[in-house]
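One structure is given here, and the rest of the page talks about it.
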Amino acid sequence: MSSTQGKYNIKAVSNMLGIQPGTLRAWERRYQMIRPTRNEAGHRLYTEEHVKVLKWLIDKVDKGFTISQAVSILENNQASVSYETEDTEEEEGKSILESLSDDLMTSLLAFDESKAHGKLDYAFSMFSPEKVAMDIVSPLLVKIGYYWEENKISSAHEHFATNFLRSRLGMMLITMPSDKMLPKAVCVCGPNEKHELGLLIFTLFLKRKGYDVIYLGQSVAAGDVDVVINEVQPAFLFMSCTLKKNIPATLKLAETLDERYPALQIGVGGHALDNLPQEEQEIVLPYKIGNSKAEWESWLLKNK
């Protein structure tokens, strides 16, 4: 049986690891690092990979770490975490995340939608939605874009892969709850921008933080952003810019809205901002939110 198939119920895992079922349920609920599948009766089914991760977490707790510290170490250093497995040296050298990303890319480039769904379902059962989006989907999009630019794959491959990932991330975004007590945020692509996957990932990050997010996606008509701002009264407006040619229009809109709505915090992200000359970097700096989780959290902290 594959190590990615659920085969241990919670009682079996409890006996194997010497940990109470209630503790396993609490870890799943609070940290979402382990998300077992369910059988037809609704009972949890853990995979061999789940057991390996749990063993690692328990080992860290036994050495004096709190469970929250252990989870943080695992999420931030997944590539260097080594589980005691009987896999080959080549497999040991790869992180679970890298393996999942490679398998997902292989499925997408083979136009195998069913297998791609299976790989993503497994990823979501192992890791939080935010981690899947940022550590599996985001690097995969960069790789696919590079392959397309280098003519290593066709435009059909690129369209199929990006449309599949956009669809899955979009469905996940819809189902994630928001905290109505936290500030509202509007997320939209900058003028003339059509590439929204990076913005989708950032929006998932915000929703995981509990923000009430209104996601507009691709660039909307001129003036319509004002309509949304006046209707929703958000505390934040975030725009994405992935193409260098669209930076001037995006910055002009940010400056216009900044003057019109002084209380509105405006942030701009996207890889186009990272490749600007130093003198142009200084122009975008007041709005730049970065492209990593750490940069995003820093920006939010400074602009509370």
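Structural remarks
- Selected residue (only one of A133, A185 is among the hydrophobic types (A, V, I, L, M, F, W, C), under 27 Å from Q265 (Cα atoms), surrounded by 19 or more Cβ atoms within 10 Å (Cβ to Cβ) and in contact (Cβ under 8 Å) with a residue 60 or more places away in the chain): A133
- Cβ-Cβ distances below 7 Å connect the following pairs, each with a first residue in segment 1-18 that is under 16 Å from N39 (Cβ atoms), a second residue that is at pLDDT below 80, and a separation of six or more residues or different chains: K7/M1.
- Residues being touching a helix residue (DSSP H, G or I) at 6+ places or on another chain (Cβ under 7 Å), in a helix (DSSP H, G or I) and of a type in the set (A, V, I, L, M, F, W, C) - total across segment 284-304: 2
- Residue within segment 137-150 that is within 12 Å of the chain's Cα centre (by Cα), assigned by TED's automatic domain parsing to the domain that holds A272, in a helix (DSSP H, G or I) and in contact (Cβ under 8 Å) with a residue 12 or more places away in the chain present: no
The values are calculated or read from the model by the stated rules, or taken from the named source; none is laboratory data. Just so you know, these numbers come straight off a predicted model, no measurement behind them. All Cβ positions, even for glycine, are placed from backbone atoms using ideal geometry, and neighbour counts span all protein chains on display.
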